[in-house]
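Structure first, commentary second.
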Amino acid sequence: MERYSRIIASLIQAEFGFDGTVSLNRPDEKFGDLTTNIALQLAKSLNQNPRQIAKLLAEKLHQTDEFAEVSIAGLGFINLRIKDSVLAVELEKIISNPSDYGRSSLYEDKIIVAEYSDPNPFKVLHVGHLYTSIVGDAISNLIETAGGQVHRVNFGGDVGLHVGKTLWAIMRQLGGENPDKLSDINENERSDWMAACYVEGTRHYDKDEQAKAEITLLNKKIYQIQADDDYESGLARLYWTCRQWSYDYFDAFYKRIGTKFEKYYPESEVAELGLKTVLEQKDKGVYQESNGAIIFAGDVHNLHTRVFVNNEGIPTYETKDVGLSLQKWQDYHYDESIIVTDHGQLEYMKVVQKSIEQFRPDLAQRTKHLTHGVVKLFGGVKMASRKGNFLKAVDVLQIVANEIEAQQGSLSDEPVLGAVKYTFLKNRIGSDIIFDPAESVSLRGNSGPYLQYSLVRAKSIMNKSPEVEPKVTIYSYSQAERALLFKLTEYSSVIQQATTGLTPHLVCTYLHELTQVFSRFYENSPVIGNPKEVFRLQLVSAYKGILTSGLKILGIPMPDKM
């Protein structure tokens, strides 16, 4: 549709000197392929009759050799039907190189750092991490499709109070600083065991003043371990061993869902740079001292005030995020830094970025913070890992696997990932998601497994035929053929919109609509053994190519059978 929008815009510029975007919509099929109300919009600014403007534009559009029909309806709506021969040219493009069809150049030669997932060592991955990983991957794929060079990175707290709480509970269970006893923990139980220790440590920290004091002191010792590069003491061996357990657990899960990060930034590695910067900028008036702590006075900017260094001299999350921003710049010199978090981090990030803006406005301007809602399972209870009442990421996959096994008898991870990823991605980023496992695996609904099944069906048809020729020679289509062909040509416009807005849900919506159109085509248009077999195989080939391209952007596996 972008192509035809540009054609009309060019005519309007030539006839009326009007610069602007022409919006096109899909009318009912009986009226044509596209419709626009541009004549009504122009009539207001030109003070002319909209039907007269529409008539003039219709005459010019007829001369472009793009449209079989151009008609005027109502007060001045222009309806367009594209020539079948023009659609045939688009079909040839899709068949020849489906992976390139729809590509834009929005991010050509740009360097993008995409930061998402951000789990903390010593804690378990929950459904929020799963959601952010899936969304971050899809956004990164859109940018890469548009020519961008994407560096996927991860950031997590390997120091901080949560680590103190977890190690306090670990030592309580091991009877002190006894790292050798860690060998008693089964490898498959390590992540759950540490998560349980974190919950236990939090409970005692909240209710027991002595435990709170011990955890606070332990937290300082952990920072000292980092500062001294201590690897030999009992506490250090506990810390480094359990931290590595967390990283191994993260890597295994990311591999399972098809996510791969180029770099993992631990908070401990950016804390020093952040603290140095905050102290330097305090002397320049960006940050201020307050009751022994260092703060950024956000109220001056209509934001809230946050502590960047506490009254014990320990840098907070805010200071580490300052260090992270500077470190990412040193590592990549990016054109844009995209950060994906839950909506609860929105106001926090506004303060951090506003503080950075005072001394590195270029980095603040290059940073884009995207936030998402909460994933809820049925009752909709918000997760809180500190209390232990959260839905683990692996639990989500297992719940879906159980549902697929009950309905279809399959145990493969491909439909499981297809169900989860599509369910998360089909919702606009920012809204809460009520996750319904039964709906997510349905082969009759708006689901990932349905798209996978539709692709398998197309592959099966193609396997029964010889190699498809890219040259299209038939220019007279049935209603079902034409509907599928026109829907295929919409893909480039959808990818353009999805990339511009970083909105992968638009790809989901399009793919679902495309599979519905293909299903109607398949029901009404026999392929193998039909007199129009060659052309219909070309349609199936193009459909398979577009569906494959879209699923790749969404990160959804593409099985050969289901």
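Residues checked against (1) over 25 Å from residue 267 (Cα atoms); (2) surrounded by fewer than 17 Cβ atoms within 10 Å (Cβ to Cβ); (3) modelled with pLDDT of 95 or more:
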| site | (1), (2), (3) |
| --- | --- |
| 142 | yes, no, yes |
| 157 | no, no, no |
| 164 | no, no, yes |
| 188 | yes, yes, no |
| 215 | no, no, yes |
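Please indicate, with yes or no, whether at least one residue in the stretch 341-351 is closer than 19 Å to residue 263 by Cα, within 26 Å of the chain's Cα centre (by Cα) and either surrounded by fewer than 20 Cβ atoms within 10 Å (Cβ to Cβ) or in contact (Cβ under 8 Å) with a residue 60 or more places away in the chain (or both). Scanning the stretch 341-351, I find at least one residue that is closer than 19 Å to residue 263 by Cα, within 26 Å of the chain's Cα centre (by Cα) and either surrounded by fewer than 20 Cβ atoms within 10 Å (Cβ to Cβ) or in contact (Cβ under 8 Å) with a residue 60 or more places away in the chain (or both), so the answer is yes.
Of the strands (runs of 3 or more DSSP E) lying entirely inside the stretch 1-104, those containing at least 3 residues that are of a type in the set (Gly, Ala, Ser) are 67-73.
Looking only at the stretch 311-332, residues that are exposed (fewer than 14 other Cβ atoms within 10 Å of the Cβ) and without any contact (Cβ under 8 Å) to a residue 60 or more places away in the chain come to 3 in all. Checked against the criterion of being surrounded by 14 or more Cβ atoms within 10 Å (Cβ to Cβ), within 30 Å of residue 553 (Cα to Cα) and not β-branched (Val, Ile, Thr), the candidates 263, 282 yield just one match: 263. Of the set (1) within 26 Å of residue 322 (Cβ to Cβ); (2) assigned by TED's automatic domain parsing to the domain that holds residue 162; (3) surrounded by 15 or more Cβ atoms within 10 Å (Cβ to Cβ), all apply to residue 224 but (3).
A single member of 368, 421, 392 is at pLDDT 95 or above and crowded, with 17+ Cβ neighbours inside 10 Å, and it is 421. Report the residue count in the stretch 470-485 for those that are in contact with a helix residue (DSSP H, G or I) (Cβ under 7 Å, 6 or more places away or on another chain) and outside any helix (DSSP H, G or I). Summing the residues that are in contact with a helix residue (DSSP H, G or I) (Cβ under 7 Å, 6 or more places away or on another chain) and outside any helix (DSSP H, G or I) in the stretch 470-485 gives 7.
Let's see how each residue does on (1) within 19 Å of residue 483 (Cα to Cα); (2) surrounded by 23 or more Cβ atoms within 10 Å (Cβ to Cβ); (3) under 31 Å from the mean Cα position of the chain (by Cα):
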{"residue": "498", "(1), (2), (3)": "no, yes, yes"}
{"residue": "504", "(1), (2), (3)": "no, yes, yes"}
{"residue": "507", "(1), (2), (3)": "yes, yes, yes"}
{"residue": "552", "(1), (2), (3)": "no, no, yes"}
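The listed residues are 117, 133, and the only one of them that is on the phi > 0 side of the Ramachandran plot, touching a residue at least 60 places away in the same chain (Cβ under 8 Å), surrounded by 20 or more Cβ atoms within 10 Å (Cβ to Cβ) and among the hydroxyl-bearing types (Ser, Thr, Tyr) turns out to be 117.
Scan the stretch 84-99 for residues that are over 17 Å from residue 468 (Cβ atoms) and free of Cβ contacts under 8 Å to residues at least 40 places away in the same chain and the total you get is 1.
The values are calculated or read from the model by the stated rules, or taken from the named source; none is laboratory data. Everything numeric here is computed off the predicted structure, so don't read it as measured data. All Cβ positions, glycine included, derive from the backbone under ideal geometry; neighbour counts span all protein chains shown.
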